[in-house]
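Below is one structure, written out as structure tokens; comments come after it.
The values are calculated or read from the model by the stated rules, or taken from the named source; none is laboratory data. Note that the coordinates shown come from a computational prediction; the quantities given were computed from them, not determined experimentally. Because the Cβ atoms are built from the backbone with ideal geometry, glycine has one as well, and the counts that use them run over all protein chains shown.
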Amino acid sequence: MNKSRRSFFQRTVSLVAASSIFSSIPSFAFNTQGTKKMKMTFRPYTLELKHVFTVASLSRTTTPVVLVEIEYDGIVGYGEASMPPYLGESQESVMAFLKRVDISKYGNPFDLESILADIDSLAFHNTAAKASVDIALHDLVGKLIGQPWYNIWGYDKTKAPNTTFTIGIDKANVVREKTKEAVGFKILKVKLGKDNDREMIESVRAVTNVPLTADPNQGWKDKFYALDMIHWLKEQGVVYIEQPMAKERYDDHAWLTERSPLPILADESCQRLADIASVKGAYSGIVIKLMKCTGMREAHKMITLARANNMKVMFGCMTETSCAISAASHLSPMVDWADLDGMLLIKNDAFTGTIVKEGKLVLSDEPGIGVKKIG
Ligand code: MG
């Protein structure tokens, strides 16, 4: 084929492909130049946990969240900010941030890149607050297009992974009971980092033989202890380790990763896209969470950058409703592992959406992030 014919052929193929995609999109979705305006509302909501949840640093029975709605042309997108204490945000700080967001000034909801960059520039940190707007906008845009985000991104939703179910630190008998309740999960995550690491694993192993992951949440103080423990954990069927030591100890993590028989993932050390440059070489991979990284748009970029740097990717969560968990699940077909069990740990979920069936994430076919409000 000569150059001009090839050029014509490529143009024709592109036009056919574009028209077949856009023919399925309602025409009103692109009419964004009129008088329609986006409107945002939000309210505090307190998640009640099924069990007291203990990690290396603290215990808690509730998690504060803020639920967000962005309405445009009669269609509503849902978002959520979840604030575990260690990120330093509260319902008050999130709502104070959201009051500063004038969503009505953005004329085109499809302009996610500009809108979200502008909102990010309003303040440092406030990552959960920013994530709540990001999720609501993605839900809205998906609904305007009439497609779920896994389709928009081009992911096969049947490739969504199994999710871990998390067993918090507790006494041996309680850990055995919690493990029994986790029947059906194909992989479990065990919190470590206090003074009973071996007892925790042995209590879980007394009940089940499924693969495990371990998360000391920066709780290990000594790199030699960490290396010995990781060798023992590998013998116990653990497949990766999250954040063994304090987040600023890059050199010690590099030492550990070089010698570890298991992948070492940066969680507290890696919050946003720019952090990948800092953790590259010190860790085998990263843990992405919407509440750390400001939402779906940056999470998508983090997966791409981590992959380009040959790093593993795990998608994690906070204690969240099915709103934020469903949003995260649309990216899950692209990650190595998922820990998206936050909605299973609470008694008062405010949404239905992505579910866990026989341990695997199952995404709904609804547009946007695929959630429906309860009540
Ligand atoms: Mg972690």
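The table below gives the values:
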read-out	value
Contacts under 8 angstrom Cβ, first residue in the stretch 236-261 being free of Cβ contacts under 8 Å to residues at least 24 places away in the same chain, partner within 13 Å of the ligand (Cβ to nearest atom) and of a type in the set (G, A, S), 6 or more apart	E248/S269
Some residue of the stretch 297-308 being closer than 25 Å to L188 by Cα, assigned by TED's automatic domain parsing to the domain that holds W255 and not in a helix (DSSP H, G or I)	no
Test: residue in the stretch 264-275 that is closer than 19 Å to T163 by Cβ and at pLDDT 95 or above	yes
Residue, nearest to the ligand (Cβ to nearest atom), within the stretch 260-274, restricted to residues that are touching a Lys or Arg at 6+ places or on another chain (Cβ under 9 Å) and either outside any loop (DSSP other than H, G, I, E, B) or charged (D, E, K, R) (or both)	D267
Qualifying position, being out of contact with any His (no Cβ under 9 Å at 6 or more places or on another chain) and surrounded by fewer than 21 Cβ atoms within 10 Å (Cβ to Cβ), among I135, I119, I187	I187
Which listed residue, of D251, D195, D222, D228, is modelled with pLDDT under 95 and more than 22 Å from the chain's Cα centre (by Cα)	D195
Residues located in the stretch 221-259, provided they are outside any helix (DSSP H, G or I), more than 13 Å from the ligand (Cβ to nearest atom) and under 17 Å from R198 (Cα atoms)	K221, D222, Q236, G237, V238, V239
Subset of the stretch 202-220 (residues that are under 20 Å from V287 (Cβ atoms), polar (S, T, N, Q) and in a loop (DSSP other than H, G, I, E, B))	N217, Q218
The stretch 178-200: number of residues that are part of a helix (DSSP H, G or I), farther than 21 Å from L340 by Cα and out of contact with any Pro (no Cβ under 8 Å at 6 or more places or on another chain)	3
In the stretch 314-371, the residues that are assigned to a loop (DSSP other than H, G, I, E, B), within 16 Å of the ligand (Cβ to nearest atom) and either hydroxyl-bearing (S, T, Y) or buried (at least 20 other Cβ atoms within 10 Å of the Cβ) (or both)	G316, C317, M318, T319, E320, V335, D339, L340, D341
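Table: residues versus (1) in the same structural domain as I369 (by TED's automatic domain parsing); (2) among the basic types (K, R); (3) crowded, with 16+ Cβ neighbours inside 10 Å.
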position	(1), (2), (3)
T61	no, no, no
P64	no, no, yes
G74	no, no, no
S82	no, no, yes
G88	no, no, no
K99	no, yes, no
Y106	no, no, yes
L112	no, no, yes
